Structures are given as C-alpha cells and as structure tokens.
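Inspection log for the structure reproduced underneath, given as structure tokens.
Please treat every number below as a calculation from the coordinates, not as lab data. Just so it is clear, the model here is predicted, and its values are computed rather than measured. Counting neighbours? That spans all protein chains shown, and the Cβs are built from the backbone with ideal geometry, glycine included.
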Amino acid sequence: MPAFVTFTRWEAQFETIPDPLTTAEKDEFMKQATGVTISSDAFFPFRDSIDHASKVGVSYVAQPGGSVQDPQVTQCCDDYGMVMSFTSVRLFHH
C-alpha cells in the first residue's frame, strides 16, 4: 500500500491533525523512554540489536532462543541490565 494512502487513513482518524513532532521533541522523548520491550519470533543472532536497543529505552527482551550466539547475546543483555526471557516458541521458519 502506498505511504500516502496509509497516511491519508491515519489523518482520517482525527478531527484536528496533530503537528509532527520536532527533532527536539523526539530527542526529549527518547531520553525519557524506559521499560520498552522488544521481541523476536526467531532469535537475536548477534549482540548488535541489543546494543542498539540499549539506546532507545529497552529493558526487556523476549526471544525463543536457539542461536549459537545465545550466550553472548544474553551476556550483552546482562551488561545493559536488561531482562532476557527465552520463550521457546519459534514462529519464524525458512
């Protein structure tokens, strides 16, 4: 679906369309973001996703596990003080 169609549908939900956030407003929001959860229906094969998540307020990570990198990714979560939960439910299949 083209982006303009999606945006048009979004706009239709408002009586008054809100102004877009400024860069400063976005930055302030991101500074205060905490308690965010991320999940994967496959797994996090490398720590780079966790490194990035640490910059956007992520505190909780849920994944099925099963990567040979699980110990390194778990250690990365521990280093950032994030809670890692292994669900053992994998929905992503090749």
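Going through Glu11, Glu15 one at a time, which residue ends up being surrounded by 10 or more Cβ atoms within 10 Å (Cβ to Cβ) and over 27 Å from Gln63 (Cβ atoms)?
Glu11
Considering each of Asp51, Asp78, Asp27 in turn, give the residue that is touching a strand residue (DSSP E or B) at 6+ places or on another chain (Cβ under 8 Å), part of a helix (DSSP H, G or I) and not aromatic (Phe, Trp, Tyr).
That would be Asp78, the only listed residue that is touching a strand residue (DSSP E or B) at 6+ places or on another chain (Cβ under 8 Å), part of a helix (DSSP H, G or I) and not aromatic (Phe, Trp, Tyr).
Quick one: count up the residues across segment 54-68 that are more than 16 Å from Arg90 (Cα to Cα) and either part of a strand (DSSP E or B) or over 12 Å from the mean Cα position of the chain (by Cα) (or both).
3
Could you list all residues from segment 56-85 that are in contact (Cβ under 8 Å) with a residue 24 or more places away in the chain and of a type in the set (D, E, K, R)?
Matches in segment 56-85: Asp70 only.
Taking the stated definitions as given, is Val61 aliphatic (A, V, I, L, M) and surrounded by 12 or more Cβ atoms within 10 Å (Cβ to Cβ)?
yes
Return the residues of segment 1-24 that are aliphatic (A, V, I, L, M) and either part of a helix (DSSP H, G or I) or touching a residue at least 24 places away in the same chain (Cβ under 8 Å) (or both); say none if nothing qualifies.
Of everything in segment 1-24, those that are aliphatic (A, V, I, L, M) and either part of a helix (DSSP H, G or I) or touching a residue at least 24 places away in the same chain (Cβ under 8 Å) (or both) turn out to be Ala3, Val5, Ala24.
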